1. Relative to the longest principal axis of the chain, what angle (0 to 90°, nearest 10) does the C-alpha long axis of helix 234-247 take?
2. For the chain, what does the alpha-carbon gyration tensor say about shape, rounded, prolate or oblate, given a ≥ b ≥ c as the root eigenvalues, a/c under 1.5 as rounded, and a/b over b/c as prolate?
3. Only Cα pairs within less than 10 Å get springs; with that Gaussian network setup on the chain, which residue of SER260, SER160, SER135 has the largest fluctuation?
4. For segment 19-284, calculate the relative contact order in percent as a whole number, restricting contacts to Cα pairs under 8 Å that are 6 or more residues apart.
5. Of the candidates LEU26, LEU231, LEU35, which one comes out as most mobile in a Gaussian network treatment of the chain with C-alpha springs shorter than 10 Å?
6. Rounded to the nearest 10 degrees, what's the angle between the helix 57-69 long axis and the longest principal axis of the chain, both from Cα atoms, 0 to 90?
7. Can you tell me the 0 to 90 degree angle between the C-alpha axis of helix 170-192 and the longest principal axis of the chain, rounded to 10?
8. From the square roots a ≥ b ≥ c of the eigenvalues of the alpha-carbon gyration tensor of segment 212-262, which class results: rounded (a/c under 1.5), prolate (a/b over b/c), or oblate?
Amino acid sequence: MAHKTNDVGNWDTVITSGRGNLDFNLKELWQYRDLLMMFVKKDIITVYKQTILGPVWFVVQPLLTSLMFLVVFNSIANISTGAVPPILFYLIGTTLWNYFADTLNTTSKTFTDNASIFGKVYFPRIILPISKVVSGFIKFLIQFSLFAVLLLYYVFVSKSIMPNWYLLLTPLWLLVIILMSLAFGIIITSLTTKYRDLIFLVAFGVQLAMYATPVIIPLSEVHGRKKIFFLVNPLTSLFEAIKYGLLGKGEFDAGWLLYSVVFTIVFLVLGIFIFNKVEKRFIDTV
């Protein structure tokens, strides 16, 4: 398909399946930025459109989860959160984990949930998973605001927490988490066009993966071989670095952070390769 601008034969738009599998056309994505924003707006509005509390659920969800963790794991199971107040520890961990898990789950259904749209009109297919990442991050910022309020209380009123200058690196670690969730999501959505069982496996696997991430147990309370098991999870060092900057407690390991960054880059490149390869023919298999 193309639109001809004049009789000489120049074209302003060319749609072809002949591009490379590693081609990530940023110029084209920018041209479709309005469509991206439309998808983002739809994701945010439609989720709680017919609910009574509406967007308030964005804050209620992590708060209720954190309170449940506080009762079950801290009070009943007596699992220590170290020098960090339990509610702060659980809230930041839950907020970070919810963003990663929700983004991964939604992007992993890109092809199967939007097959009808893809079959009718052209737009860069990568826009849909990116829209899930962006809308999820907006929800994350709303949830993070609750944590920020509690953090200010413990810093200026309780004076039991003291952030450090490493908090300035928090946007960098958040970016790595964002790219990691996008990478895993586009890999999985590409595979689910042929193997639908992966959808159920991913949902189950994400729930289990939380227990291999320092959301319930701080890394400082994990010792021996179990600690290596946690550190192999690329999210662990990122979560710990964010906590270290914001709470002044935790572990900041440059080596494991480098591992997480390299891991993310490798899987993002792999994800783009697989996504571009599958999108050329996925409509025949979905």
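The numbers here are math on the coordinates, done by the rules we state, and not lab data. All figures in this text were calculated on a predicted structure; none of them were measured in a lab.
1. Helix 234-247 and the main axis of the chain meet at about 50 degrees.
2. In terms of gyration-tensor shape, prolate.
3. It is SER160.
4. Reported as a whole number, the value is 28 percent.
5. Looking only at LEU26, LEU231, LEU35, the largest GNM fluctuation is found for LEU26.
6. Taking Cα atoms only, the helix is inclined about 40 degrees.
7. Around 50 degrees separate the two axes.
8. Since a/c reaches 1.5 but b/c is at least a/b, the shape of segment 212-262 is classed as oblate.
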